[in-house]
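Notes follow once the structure below has been shown.
A short reminder: the numbers here are calculations on the coordinates, not readings from a lab. Predicted model, so just to flag it, every value in this text is computed and none were measured. Reconstructed Cβ throughout: ideal geometry from the backbone, glycine too, with neighbour counts over all protein chains shown.
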Amino acid sequence: MRLRDLIFTWLLILIVVGAIWYSEDITTPHPEPGPVHIAYWEKWTGFEADAMRDVVNYYNRSQNRIHVDLLMVSGIENKTLMATAGGNPPDVAGLYGPNVAQYADDHAIQPLDAYCRQYGISADQYIPAYWNMGFYHGHVYALPTTPATTALHYDKTMFQQAGLDPNNPPKTIEEMDSDAARITTTDAQGHILKSGFMPSEPGWWNWAWGYFFGGKLWDGKDKITANDPNNVRAFSWVQSYAKKYGVTELQTFHSGFGNFSSPQNAFLSGKVAMELQGVWMSNFINKFAPGLKWGAVPFPYPADRPDLADSSVLDEDILVIPRGAKHPKEAFDFIAFVESQKGMEMLCMGQRKHTPLRKVSAWFWAHHPNPYIKLFADLAWSKNAITPPKIGIWPEYGAELSNAFDEISLMQKTPRQALDEVQARMQGKWDEYLRHLRLRGEAR
Amino acid sequence: MILYRPEKRRTNMRRREIITALLFASPWIIGFLVFMLYPLLASVYYSFCDYSVLRAPAWIGLDNYTDLWHDEVFWTTLTNTFWYALMAIPFGFLVTLSLALLLNTKVRGMALYRTIFFLPSLLPGVALAVVWMWVFNGDHGVLNEVLRALHVPNPPNWLGDPHYSKPMLALLGIWSAGNAVVIYLAGLQDVPQPLYEAADLDGAGWIAKTWHVTLPMLSPVILFNLIMGIIGTLQVFTAPYVISPSGSPARSIYFYTMYLYDNAFIYHKMGYACAMGWILFVIILILTMAALKISERHVYYGGS
Amino acid sequence: MAVDSATVREKHQRAWLAGQGRAFVLHLVLIACSIVFLVPLLWMLSTSLKTLDLTMKQPPVWIPPHLEWHNYKDAFLYESQSLGYIPFLIYGRNTLLLCILTVSGTVVSNALVAYAFARLRWPGRDIAFAVVLATMMVPFPVLMVPLYTLFRAFGWTGTFRPLWVPAWFGSAFFIFLLRQFFRTLPTELSEAARIDGCSEWGIFRQVVLPLAKPALAVVALFTFMGTWNDFLGPLIYLLNQDTFTLSLGLQFYQSQNGGTDWNLLMAASTMVIAPMVILFFFTQKQFIQGIAITGLKG
């Protein structure tokens, strides 16, 4: 008994020591002589990851001074934040365009102006809206990777079934509302069977509805304008759907929707005829509902505001060099390649989006799988392109607006009430934010 | 003549005792000093600063705390958390204890049953999100299908209706019962058999046996699970965050730690988050001390 | 007085029937509850054997018309286009290494520390215990950043060390748990051993530890589960794809704008939790069917 215990104990000790030794071995970096290694952290998976991997591989093979080590990881912002704060950030990070102001105010990312000049990268090579997203307080902080715009996607078959002309989708919001009313059908108990349009589907840009009606969320200086009359008008329009079709009926209908990424997606399965969606929607249609007859047009504008035509929510992924990166020069050499027409088209074609550059090759248009790619690209030029306000408190502001949207959709508050509350809260937060900046000697 | 000095001998013994005890406790003591002290003190300091993690903290005194007092979302999440705790703690306690007693009976195939009950607590978070959405879906979810089969009219829309989202989370907690049940089971093994036999001789039925033998002998473990329950439910995070990071619909399942996390890592307001953290700490501390005080009379420690 | 054998037999038969009836009812309740608990796992299994378009169908299809067993192989080989090698084995190896280190560390350190709190008297003990409990009451995000800075100062980021070294220094949950267990053990045996001249360490090793095997098994199991499923720790501290763990690997099945392959994700998840299920099934004897203390209990 004693001997067995002894052997057992020593065996355990051996295993533990062995595990320690092995784990240390795995995590010890084996630096290879030769090219400079730069760490690049990105957020993508699946075919999107493959697209960037192709770009990285091409770059690595094309020269032998610099080798990019690509790491795909979820929770990219969290991880990059911790690493930058801890002083060992990656050399290049793929973050989110709308948060540039926050990153820059936090001094988390380096200005890229000098590098841009060195490599001849300038604003006139880009579609203005995409360049502007990375431009903040007089400096270039980020360069775009893959862009996105949104448009009204509509189901031609459902249009036909409701007696509407599938080649004549609505141009104004009022037309869309009435088309939606024609398409929406309910059963004897009042349960919705089919819907023409629902502002909450997919519900990814609930902060943006105000812009579609000409409202703004910020005056560009120190005033938050959440309860701007046009914003209230937009939310009244949103609430009109809840009033017309009933909160419970809409909720029940909504809970019957399948997962977004599946054939049971509301739009893909013929439950909702029209929705605001992005340039990637065509991928999902091809994957899950290849037989769907669909079209895309710019999202409608209010009939009394034709100046708001071609409104589209605009977004982009960006590349930044975090503060404290070990090899910023080499990092930018790689970024410059991504920003070149060759690199960018490889990436954007691989991800099936359009490109943020002005110059586009004929090959790109000809081979792109999205039949409406030109529409999405053109919408980026629109003077009514919608981007979130470039303020450091945007993440919280966006969350507040989403919550307000929920509240009015559930008829818990009137649009005026909900937006007044957002206004009060966010004005307070913005004042505090500016106050703290001044405390640090960074007055605006 | 050297006189025998009993006091010195006793102090020596006592000193040896203390040294031995400290040696036993040394892993924790060292670990605390190295891994815990700095983060704890740092976070207290941060709670009095404007700190975005990426930049050095700047002292702002009590600003964070006064801002919290006026922050509507702070109060919303605090109330949400309390409501949830009020539902989840008693419910969880009843369910886990009953399950443990059930799983302690001598029925064939018990090993299999126990594994089954333990399974859901093994699922990785990413799979759980989808599973729960499936079970609680208002239209075709498993739960509502069952309720409809039992002729319950209009089963609620668990995920979409703000009145039902918190109860849904409390129900969902059943599946993570596995851990607490296992702890109870281990504790049940240590209830001395002779006590049961003596109770049998007295003609006690199983209810009486449970009440007079099992529960008292199990009381230290019950106390453990209860306190862990308080500490755990007040910090509820993973489950609701995975279902809806923003706490939809309308922040009905937006809980305290979720708002804390958002402030820390998404809004880059770590100082504010630290203030929230320490407020929660105080609340949990008070509740735990209350629980310990109340339980003092009811917990029986067999070893002393 | 002579006992009528017939009535004795009757009595035994009635008792036996009552026992059977009780067992039947228990089985019924157990089966009903089991179904409730099995729902998530059954759904996972069912999804893992479907084709993609069936996965989210409503009303749900529980048994797909054709069982796509190849999903498991596909999930296993999934990333070979993107990453060039099969990460599952590597991630599994990494996760296993971490589990070995954390389980051994947790069991050893917490047993020692809990013993000090449960059975030894020393100045400051109760205050220290209050501190132990208090550390569980601080929400985790608050401590994450200073802790990361600390590990960075040690030079431990990018290694496995932040994920297992702290386990060797005790953790509040297990200290509390084991302390409660140790306190349920009768002191007579320890007293007897002490009178016999046994050192404290001897008492600990020869008297208390064997009695506490069920609790220690629970500690080992929970630690294994915790490390196996840990996501946040590896996310923050690991820098190289080769060092990732299984929980990080599962993230790769989810694509932002490309659509998640639910069937493969479920197949992968099933494979990931399988070792834990097997471990639990075969080791539950340890902590549930414990070791009866013949000396004192029977």
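Remarks
- Flagged links, alpha-carbon separation over 23 Å, of A:Lys216/A:Lys383; A:Lys293/C:Lys50; A:Lys287/C:Lys50: A:Lys293/C:Lys50
- Computed from Cα positions, the angle between helix A:46-62 and the longest principal axis of chain A comes to roughly 50 degrees.
- Sites A:Leu14 and B:Met13 - FRET efficiency at Förster radius 35 Å, r taken between beta-carbons, to 0.05: 0.40
- Region C:5-76 - convex hull of alpha carbons, volume per residue in Å³: 147 Å³
- Cut-off 11 Å (backbone N to label point 7 Å along Cα→Cβ of A:Lys326), residues of region A:64-100: A:88-91
- Cβ-derived FRET efficiency at R0 51 Å, A:Gln341 paired with A:Ala443, nearest 0.05: 0.80
- Shape of region C:164-204, Cα gyration tensor, a/c cut at 1.5: oblate
- Overall size of chain C from C-alpha positions, given as principal axis extents largest first: 84, 64, 30 Å.
- Computed over all pairs of different Cα atoms, the Kirkwood value for the hydrodynamic radius of region B:187-233 is 11.6 Å.
- Amide H contacts for A:Thr145 (H built 1.01 Å from N in the peptide plane; partners 5 or more residues away or on another chain; cut-off under 5 Å): A:Asp317, A:Ile318, A:Leu319.
- Gyration tensor (alpha-carbon) shape descriptor, chain B, a/c threshold 1.5: oblate
- A:Gln412 versus A:Arg4: modelled label distance in nm, points set 7 Å from Cα along the beta carbon direction: 6.3 nm
- Checking the Cα-Cα distances for A:Lys194/A:Lys244; A:Lys194/A:Lys374; A:Lys194/A:Lys413; A:Lys271/C:Lys57; A:Lys221/A:Lys429 against a 19 Å cut-off, the pairs over it are A:Lys194/A:Lys374; A:Lys194/A:Lys413.
- Alpha carbon convex hull of region A:306-444, volume per residue in cubic angstrom: 193 Å³
- Value of [θ]222 nm, deg cm²/dmol, for the protein assembly as shown, DSSP H segments ≥ 4, -39500 (n - 2.57) each, nearest 500: -18000 deg cm²/dmol
- Hits among lysines - C-alpha to C-alpha of B:Lys209 under 21 Å, sequence gap 8 or more where chains match: B:Lys106, C:Lys297
- Computed log₁₀ I(q)/I(0) - Debye formula, equal Cα scatterers, no solvent, the protein assembly as shown, q 0.05, 0.07, 0.08, 0.09 Å⁻¹: -0.35, -0.69, -0.89, -1.12
- For the peptide A:79-92, the mean number of other protein chain Cβ atoms found within 10 angstrom of a residue's Cβ is 5.
- Shielding of B:167-175 by partner chains, average beta-carbon count, 10 Å: 1
- All Cα pairs of chain A, percent lying beyond 27 Å: 60 percent
- Förster-model FRET efficiency, 30 Å R0, A:His367 and C:Leu77, C-beta, rounded to 0.05: 0.60
- Charge dipole of chain B about the Cα centre (unit charges at C-beta), most positive-ward option of B:Thr79, B:Leu147, B:His298: B:His298
- Average beta-carbon neighbours from other chains, 10 Å sphere, peptide C:214-224: 3
- Overall shape of region A:60-176 was characterised from the C-alpha gyration tensor. The equivalent ellipsoid obtained from it has semi-axes of 40, 18, 17 Å, in decreasing order.
- Straight-line cross-link reach from A:Lys156 at under 14 Å between alpha-carbon atoms covers these aspartates and glutamates, not counting any fewer than eight positions away in the same chain: A:Asp165, A:Asp179, A:Glu275.
- Once both labels are positioned 7 Å from their Cα atoms along Cα-to-Cβ, the gap between B:Val44 and C:Ile195 label points is 4.7 nm.
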